[in-house]
1. Residue A:36 - would you say it is in contact (Cβ under 8 Å) with a residue 60 or more places away in the chain and touching a strand residue (DSSP E or B) at 6+ places or on another chain (Cβ under 8 Å)?
2. Among the numbered criteria (1) farther than 18 Å from residue B:102 by Cβ; (2) surrounded by 16 or more Cβ atoms within 10 Å (Cβ to Cβ), which one does residue B:33 miss?
3. (1) assigned to a loop (DSSP other than H, G, I, E, B); (2) away from chain B (no Cβ under 12 Å); (3) in contact with a strand residue (DSSP E or B) (Cβ under 7 Å, 6 or more places away or on another chain): which one isn't true of residue A:26, the others all being true?
4. Looking at this structure, is residue B:98 closer than 30 Å to residue A:62 by Cβ, buried (at least 22 other Cβ atoms within 10 Å of the Cβ) and without any contact (Cβ under 8 Å) to a residue 40 or more places away in the chain?
5. Just checking: which of the strands (runs of 3 or more DSSP E) contained wholly in the range B:50-118 hold 1 or more residues that are over 22 Å from residue B:1 (Cα atoms), at pLDDT 95 or above and within 14 Å of chain A (Cβ to nearest Cβ)?
6. Taking residue A:31 and the conditions (1) within 27 Å of residue B:107 (Cβ to Cβ); (2) in contact (Cβ under 8 Å) with a residue 12 or more places away in the chain, which numbered condition does it fall short on, given that it satisfies the others?
7. For residues in the range A:85-98 being over 17 Å from residue A:49 (Cα atoms) and either touching a strand residue (DSSP E or B) at 6+ places or on another chain (Cβ under 8 Å) or crowded, with 20+ Cβ neighbours inside 10 Å (or both), which is nearest to the other protein chains (Cβ to nearest Cβ)?
């Protein structure tokens, strides 16, 4: 399953919103009715950190500024007000069909 | 809390072998599937291999099939990746990932760097 993210580069002014799109080449609805779409944040020199799982469930410790939405093949990660600490690369990943696959990554930077 | 510590990375010549290990703690290792993923500058993040909690079900991505083998020792809480016939395109940081919940990919190790170069 191919995962396509856009944009690949996202310069954002502090305090402004940001949005990342992720599209899959086939439906991510599993036979168990769950949609295993995960969003990760990766800061330089660190391992990926999970932010959102099953499309829209925020991990504990993840600010409410982050939200995930979507269904089927179209998904979105939104940040309501970007802060300096949000700089990094964001990846979507599908865990419905093996082999699990990632998007190319979106590099969020401060303008 | 869940801890995953990879080891075994290094510089190796093309065609040679390397064995990576992941020491797991903070959860019931024998009750959960485990994975290896890798990250290279050229190809981004790639899922490499998956092993069920019993070790009976094993999957390898096509790019490593026949060369890499994932395995686990539930008595020692360790996950391994035997890598044979290494190629320059296998150069990457290799991460151990624990699936503690259903398709739960929240827990990653710090990674170990493998460089395949003459």
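1. Values: in contact (Cβ under 8 Å) with a residue 60 or more places away in the chain: yes; touching a strand residue (DSSP E or B) at 6+ places or on another chain (Cβ under 8 Å): yes.
When the stated conditions are applied, residue A:36 passes them.
2. Going through (1) farther than 18 Å from residue B:102 by Cβ; (2) surrounded by 16 or more Cβ atoms within 10 Å (Cβ to Cβ) one by one, residue B:33 breaks only (1).
3. For residue A:26, the failing item is (3).
4. On the way: closer than 30 Å to residue A:62 by Cβ: yes; buried (at least 22 other Cβ atoms within 10 Å of the Cβ): yes; without any contact (Cβ under 8 Å) to a residue 40 or more places away in the chain: no.
Judged against the criteria, residue B:98 is not a match.
5. Details: elements: B:58-60, B:68-73, B:78-83, B:92-98, B:112-116.
Strands (runs of 3 or more DSSP E) meeting the threshold: B:58-60, B:68-73, B:92-98, B:112-116.
6. (2)
7. Kept after step one, since they are over 17 Å from residue A:49 (Cα atoms), are these residues of the range A:85-98: A:96-98.
Still in the list and also either touching a strand residue (DSSP E or B) at 6+ places or on another chain (Cβ under 8 Å) or crowded, with 20+ Cβ neighbours inside 10 Å (or both): A:96, A:98.
On the way: A:96: 8, A:98: 6 Å.
Among those residues, the one meeting the criterion is A:98.
The values are calculated or read from the model by the stated rules, or taken from the named source; none is laboratory data. Just so it is clear, the structure is predicted and the values come from calculations on it, not from any experiment. Don't worry about glycine lacking a Cβ; one is built from the backbone with ideal geometry, like all the others, and counts go over all protein chains shown.
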